[in-house]
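The values are calculated or read from the model by the stated rules, or taken from the named source; none is laboratory data. Quantities reported herein were computed from a predicted structural model and do not represent experimental measurements. Counting neighbours? That spans all protein chains shown, and the Cβs are built from the backbone with ideal geometry, glycine included. Calculation scope for accessible area: heavy atoms of the full protein, side chains included, ligands and nucleic acids excluded. Shrake-Rupley method; radii C 1.70, N 1.55, O 1.52, S 1.80 Å.
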Amino acid sequence: QVQLVESGGGLVQAGGSLRLSCTVSGSIFSINAMGWYRQTPGKQRELVATITSGGSTIYADSAKGRFTISRDNAKNTVSLQMTSLKPEDTAAYYCAAGRSDQRGSLYFDYWGQGTQVTVSS
């Protein structure tokens, strides 16, 4: 089993920054991809950013230029540095862990409990 624990959410004013972190533990030998998703009430969970063990990243258009995903393989952590935050970034942010196949497709099998990010205008 794999456990994910997020931290770093909170309340910030528009234009501010936050850093989310996620620590992965358990049977992580199969994990080679991690990511951040977010969800607001009444909407589907959406991708924010992903990163593979090789360092390949994918960003949602809304995150490009403002958010940076990184991982520390030695510490089994993945982080999301968010800058220039906007009220529309307000959401519950979820850490995800999974695998990528040979074609580069990503499959996230494990999820954290979520951490709330609220951006005030």
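As an exercise, identify the chymotrypsin sites (Phe, Trp or Tyr not before Pro) in the stretch 28-121 lying in DSSP coil whose Cβ has no more than 15 other Cβ atoms within 10 Å. Passing both the DSSP loop test and the Cβ count: PHE29.
The share of accessible area on the chain that comes from carbon and sulfur is 47 percent, using a 1.4 angstrom probe.
For the chain, the solvent-accessible area works out to 53 Å² per residue, with a probe of 1.4 Å and every protein chain left in place. The residue list ASN32, LEU20, GLY55 was ranked by how far each Cα lies along the charge dipole of the chain toward its positive end, using unit charges on Cβ atoms, and GLY55 comes out on top. Computed with every protein chain present, the accessible area of LYS75 is close to 140 Å² [probe 1.4 Å].
Charged neighbours of ARG66, selected by a Cβ distance under 14 Å, balance to +1 (K, R count +1; D, E count -1). A convex hull fitted to the Cα coordinates of the chain yields 99 cubic angstrom per residue.
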